[in-house]
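Derivation of every value follows stated rules applied to the coordinates shown; laboratory data play no part. Note that the structure is predicted; figures quoted are calculated from it, not measured. Cβ atoms come from the backbone with ideal geometry, glycine included; neighbour counts cover every protein chain shown.
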4 protein chains.
Amino acid sequence: MLAAYAAAQSENDPLSGLVVGDRPAPEPPAGWSVLNVRAAGLNHHDVWSLRGVGLAADRLPMILGCDAAGTDADGNEVIAHSVIPSAGWRGDETFDPRRTLLSELHQGAMAEQVVVPTANLVPKPAGMSWETAACLSTAWLTAYRMLFTNSGVQPGGTVLVQGAGGGVATALVQLGHAAGLRMWATSRDPSRADRALRIGADRVLASGERLPERVDAVMETVGAATWSHSVNALKPGGSIVIAGATSGYDPRKGELNKIFFKQLRVIGSTMGTRDELARLAGFVQAAGIEPVIDSVLPLEQARVGFARMLDGDVFGKVVFTLS
Amino acid sequence: MLAAYAAAQSENDPLSGLVVGDRPAPEPPAGWSVLNVRAAGLNHHDVWSLRGVGLAADRLPMILGCDAAGTDADGNEVIAHSVIPSAGWRGDETFDPRRTLLSELHQGAMAEQVVVPTANLVPKPAGMSWETAACLSTAWLTAYRMLFTNSGVQPGGTVLVQGAGGGVATALVQLGHAAGLRMWATSRDPSRADRALRIGADRVLASGERLPERVDAVMETVGAATWSHSVNALKPGGSIVIAGATSGYDPRKGELNKIFFKQLRVIGSTMGTRDELARLAGFVQAAGIEPVIDSVLPLEQARVGFARMLDGDVFGKVVFTLS
Amino acid sequence: MLAAYAAAQSENDPLSGLVVGDRPAPEPPAGWSVLNVRAAGLNHHDVWSLRGVGLAADRLPMILGCDAAGTDADGNEVIAHSVIPSAGWRGDETFDPRRTLLSELHQGAMAEQVVVPTANLVPKPAGMSWETAACLSTAWLTAYRMLFTNSGVQPGGTVLVQGAGGGVATALVQLGHAAGLRMWATSRDPSRADRALRIGADRVLASGERLPERVDAVMETVGAATWSHSVNALKPGGSIVIAGATSGYDPRKGELNKIFFKQLRVIGSTMGTRDELARLAGFVQAAGIEPVIDSVLPLEQARVGFARMLDGDVFGKVVFTLS
Amino acid sequence: MLAAYAAAQSENDPLSGLVVGDRPAPEPPAGWSVLNVRAAGLNHHDVWSLRGVGLAADRLPMILGCDAAGTDADGNEVIAHSVIPSAGWRGDETFDPRRTLLSELHQGAMAEQVVVPTANLVPKPAGMSWETAACLSTAWLTAYRMLFTNSGVQPGGTVLVQGAGGGVATALVQLGHAAGLRMWATSRDPSRADRALRIGADRVLASGERLPERVDAVMETVGAATWSHSVNALKPGGSIVIAGATSGYDPRKGELNKIFFKQLRVIGSTMGTRDELARLAGFVQAAGIEPVIDSVLPLEQARVGFARMLDGDVFGKVVFTLS
């Protein structure tokens, strides 16, 4: 079957290991199901896999892709949840230290077929497009859990999103706006600021700019570079929900004094549960949210999509389709 | 000053005790402020006061009204929070067993001026009309706390509202819809069902009708008549948030077995905090919610508004204005 | 192998269907493990199975028993968690509507061997006796979840336990006392009251007796007969945690008005998770709690233990041992 | 009246500004009450005030002391809660950015009399000594909130306390042990390690020593020096509750990657509420906890107690008594 896969890894030239070509169709073990993929989303995770980060070389060749939507063997339209818990795990699967994502241990979603645990299939809401459905399982799910499970913010509250450009940040602005949160974002780049306003941000600030008032929660994916700004942005009792740190893990100032004196909360957040994905899908459909999509390409042209992401100028998701 | 007040009480003829006439302007004690009222909302609470329920006769004459918006002495546009904690209360004021609402112990809001603890004044969002601002402090605040503090439902979740006609139920549908919840409502009355759909309900069911699927939470203000339906409507772990019981307090079947076996939660909810009111106001403004208003009348015609409510055919709030 | 099993069912003569005799040793499916049982606890659940409640006749013969401790194939000393989720369940297993307990679908614990999902084996703390370990998986786990997951009470708070005699109630008093909660209990029977005081109750009241002050939480397993007393016992914001209703499911007065006006919480609770069982075991060992044991009998004499429970005079657990 | 007060401040010679001498008796404003002090506890906060940290020079002379127990005007035995919210504050008083502690804005507790808001008086449990009662309002209250409001740990869980010597750390070990938590502590000093074991620690590790297994929560008051160890000590989903940072606010490694990938929670915690103090007092009495007391001195000899604390060798509280 056709698939986009990592045949080799290179830190400096990740595209060199990408092959769009034939791979054997997967066989589902007991308790797993085949998904006939109609659309698959691209994430930075896929580029990291090609660079050799998070994917051991002895697992190659590995089909890439964490996001997929399609039909199961009975023709049901479904979305695949990418987080696969280890055998016998009990409770919230995102706390399982041995969990994996599709394309880490099991073959990924950029293929005609992918197999996943049957419990990882979530109904696609009626009327949702395949492209939208293929956006939800990674960045959007991460954003959903950050805002609605972890931030503690109620409608009418104010949320600051650090770094308006990234995929999670874009999803945060769209989701928060649709849920009645006042969404502020920071950006170093005027064109990104403008985009953020168009998709629902109530206000965009320059990086490090003093806020007009303190906020209830900050969504962090930037890390070291914005840490002090995030801490100072919060009301007493406010939360920083952190799901990434693209600028580094070790802020120059840790600000522990402000964290304890203002009784702030720093909440780590990674991906989301199967049930959160199901609610996210329902929310996106009911609220009429249209995830920002940068480009839709047939899977045969996956290399074009990867190249766009490497060039760094995508706004929204890159989606690959199969017919 | 002009005020609408209870001069006497009558269980069967509540309007007989209502006077719209002159009352002395209030003097604010230390820590309290004068609100120059621009609009005041009518609630069933005001009719109960005229019937002699919840208001002791020895407190007459009592200016009625729990909902008010207007300007403080410095001209700031504010909304009055109606819940007044007892001296020295610590923590969430709605748990104070000696709390009162405006018009219960202290003179109420249907007057040219009302005095409230300064901490009970919440900024009116810029651009919000006086009529909207005067809707929020009672039924809408109750609905906000039910949905966003007590239900535990996340965007994309499904909520059933029992009894689509009432003031709290109307607010629940409008608020939940704007926050990305799937709102279902029950109604015995086709015209009310139609209204509910127009303000954001995703589906309206006849009373007691079997649901197409189980829901995450039920909002109860009907009580005995709908109790079994509410219990049966829930998924395992679901919540009934209850803020009233207009059909009675003692259901024929308590359903305790289903409550423990399905691990349901029954959460009592009454009014809301000052901070919840501030967030509600921000949410209503940011999301562009327009509370359903039945009629707007000058305070001089308050009797007309009370009569409409007694006739039972109001849909949305009755608001009295002062200029 | 030797086992105590239900060969037939009788509502009026449950012992008539109990056989202590030979049954085939179980074969563990993939992902399941054999437990060589050293001790198994008796619960009312086992008697209900013999009466035909909760166990379909077409599943007979069924080995009884939800509580077991013993060694796995590698000789590790373990306790079996009795709640078995359905395939593919995600999240807290007690919310799975298709969960079963040992002896409901899969053969139970009163046997030389029982097979359970490997993930259901919890380490027995070093130094804990087999008899103690065999007490924990049902009534004690239920009590643990009620108090520590669901009540919201903090050390120094006061908890009322309705009905001091039962197995869950006994566990509640012992656990709460050891965790720094002030435990009050009600009892109709002076000898049971005395027992409750000996195991850690701070005060025992007659049924329906007015409390000296209101409490933070009530633990309910009695139901209809004590419901109004439970509601009236609570402070504003207090919780009734309910895990059973031996006196009936439908209280004469539902008390919905008090539930909403005092913002009470009624929290259904059933069994507990595997992780809660692990913490319970650690707590019992670390705090030196000695679960009240009524009698320890070799499994060969299981009929004697069942008869004691039917006679209604057990105080604490009946445990069957194997050597 | 006799009082220990700061007459001057010196960073290097804090004792030079301490006077034990005569000060005017305080007059209670409306809503405040006089406490006739029987015992007052010493905290590092008092030394900081003498050094000029946290107390503005223009507020001198200031009677020191945050911890007091004594009798009110009616002879009731009470404990003073030290956190004084600003006028009109609503909700948890520890989130009030304008809150003060006794001796920061209002005269403190080391005197024959102190005045506090009447709502700040908590009943002293019958049978509790004045010395014990005078230990609770600062370090012990801080520890109570850290463990029981903020850590999320249930009985049977494991908690690591960084830095076994300090006042909060000592209280954490005693409180956690009495509540059924497994308490581990770190210490650089063998004699302090030994003390920690004597008061209830289950295990003491050298600073930075690798743990035998990961823990559910870490209690941080050390800060920069222990931060990485704290992060690495936690299970997925675990919590660091931080109430101080004696070794510095800015760890060399912030460890943000581990915080988000393991979904850790960092929870700032400062002091506690009036209601938490009441529960703490009930817990200490009911569980028979005896707070470690270093020395009891008459207030006349307060200088001796301050000198002991400056020498750094106190283990437990220094308490001043009045007769």
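Cα convex hull, chain C: 130 Å³ per residue, rounded to a whole number.
Just how many % of Cα pairs in segment D:1-148 lie over 20 Å apart, if you round to the nearest whole percent? Considering segment D:1-148, 46 percent of its Cα-Cα pairs are separated by more than 20 Å. For a modelled paramagnetic label at C:Ala87, 7 Å from Cα along Cα-to-Cβ, the residues of segment C:9-29 in reach, with backbone nitrogen under 13 Å, are C:29. Comparing C:Phe261, C:Phe283, C:Phe148 in a Gaussian network model of chain C where C-alpha atoms under 10 Å apart are linked, the largest mean-square fluctuation is found at C:Phe261. Mean separation of Cα pairs under 8 Å and 6 or more residues apart, divided by the residue count, gives segment B:155-281 a relative contact order of 20 percent. For the protein assembly as shown, the Kirkwood radius over C-alpha pairs fed into Stokes-Einstein at 25 °C and 0.890 mPa s yields D = 74 µm² per second. Would you mind checking A:Lys258/D:Lys235; A:Lys235/B:Lys317; C:Lys235/D:Lys124; C:Lys258/D:Lys124; C:Lys262/D:Lys124 for any pair whose Cα atoms are more than 29 angstrom apart? Distance filter (> 29 Å) returns A:Lys235/B:Lys317; C:Lys258/D:Lys124.
Using a cutoff of 8 angstrom between alpha carbon atoms and counting only pairs six or more residues apart, the relative contact order for chain D works out to 19 percent. Charging the Cβ of each Asp and Glu at -1 and of each Lys and Arg at +1, and nothing else, the dipole of segment D:164-323 about its Cα centre rounds to 460 debye. Computed from the C-alpha gyration tensor, the three semi-axes of the ellipsoid equivalent to segment A:249-311 are 36, 22, 11 Å, from longest to shortest.
Relative to the 2.2 N^0.38 Å rule of thumb, segment C:170-253 has a C-alpha radius of gyration ratio of 1.04.
Modelled this way, with points 7 Å down the Cα-to-C-beta line, the labels at C:Ala57 and B:Arg98 are 6.5 nm from one another.
Specify which residue in the list D:Gly244, D:Ser207, D:His229 is farthest towards the positive end of the charge dipole of segment D:194-323, using unit charges on the beta carbon of Lys, Arg (+1) and Asp, Glu (-1), about the Cα centre. Positive-most Cα among the choices belongs to D:His229. Calculated FRET efficiency, D:Arg252 to B:Thr246, Cβ-Cβ distance, R0 = 45 Å: about 0.10 to the nearest 0.05. Compared with the dominant Cα axis of chain B, that is its longest principal axis, helix B:167-178 is turned about 70°. Note on chain C: with a GNM built from Cα contacts shorter than 10 Å, the maximum mean-square fluctuation among C:Ala307, C:Ala87, C:Ala69 falls on C:Ala87.
For the protein assembly as shown, a simple Cβ point-charge model (Lys and Arg +1, Asp and Glu -1, everything else neutral) yields a dipole of about 0 debye relative to the Cα centre. For chain D, the longest principal axis of the Cα atoms and the long axis of helix D:274-286 meet at an angle of about 80 degrees.
Can you give the mean number of other chain Cβ atoms that lie within 10 Å of the Cβ atoms in peptide C:223-236? Mean number of neighbouring Cβ atoms from other chains: 1.
Dipole check for segment B:71-118: with +1 at the C-beta of Lys and Arg, -1 at the C-beta of Asp and Glu, and the Cα centre as origin, the magnitude is about 280 Debye. Placing unit charges on the Cβ atoms of the charged side chains and taking the dipole of chain A about its Cα centre, the candidate lying farthest along the positive direction among A:Leu181, A:Leu136, A:Gln285 is A:Leu181.
In the distance distribution for segment B:21-79, Cα-Cα pairs more than 17 Å apart total 52 percent.
When you count the other C-beta atoms within 10 angstrom of each residue and take the mean per peptide, B:25-31, D:175-181, D:99-105, A:265-271 line up highest first as D:175-181, A:265-271, D:99-105, B:25-31.
Ranking C:Ser82, C:Asn36, C:Ala126 by how far each Cα lies toward the positive end of the dipole of segment C:31-128 (charges on Cβ) leaves C:Ser82 at the top. So for segment D:47-103, averaging the separation of alpha carbon pairs under 8 Å that are six or more residues apart and normalising by length, what relative contact order in percent results? Across segment D:47-103, relative contact order equals 29 percent. Net charge within 10 Å of B:Ser230 by Cβ-Cβ distance, Lys/Arg positive one each and Asp/Glu negative one each, not counting B:Ser230 itself? Overall, the nearby charge balance is -2.
Peptide A:142-152 is shielded by partner chain Cβ atoms: per residue, an average of 2 of them sit within 10 Å of its Cβ. For the peptides D:238-247, D:189-198, residues were scored by their other Cβ atoms within 10 Å and the scores averaged per peptide; the highest-first order is D:238-247, D:189-198. For a quick check, take a GNM of chain A with Cα springs below 10 Å and name the residue from A:Gly288, A:Gly108, A:Gly163 with the largest mean-square fluctuation. It is A:Gly288.
Count Lys and Arg as plus one, Asp and Glu as minus one, and take only other residues whose Cβ is under 14 Å from that of C:Ala111; the net charge is then -4. The shape of segment D:192-238 comes out prolate: with a ≥ b ≥ c from the C-alpha gyration tensor, a/c is at least 1.5 and a/b beats b/c. Straight-distance candidates among the aspartates and glutamates for linking to D:Lys253, with alpha-carbon spacing under 20 Å and chain neighbours fewer than 8 residues away dropped: A:Glu220, A:Asp250, A:Glu255, D:Glu209, D:Glu220. Only helical runs count toward this figure. For chain D, summing -39,500 (n - 2.57) over DSSP H runs of n ≥ 4 and dividing by all residues gives -6000 deg cm²/dmol at 222 nm. Note on A:243-254: average number of Cβ atoms from other chains within 10 Å of each residue's Cβ is 5.
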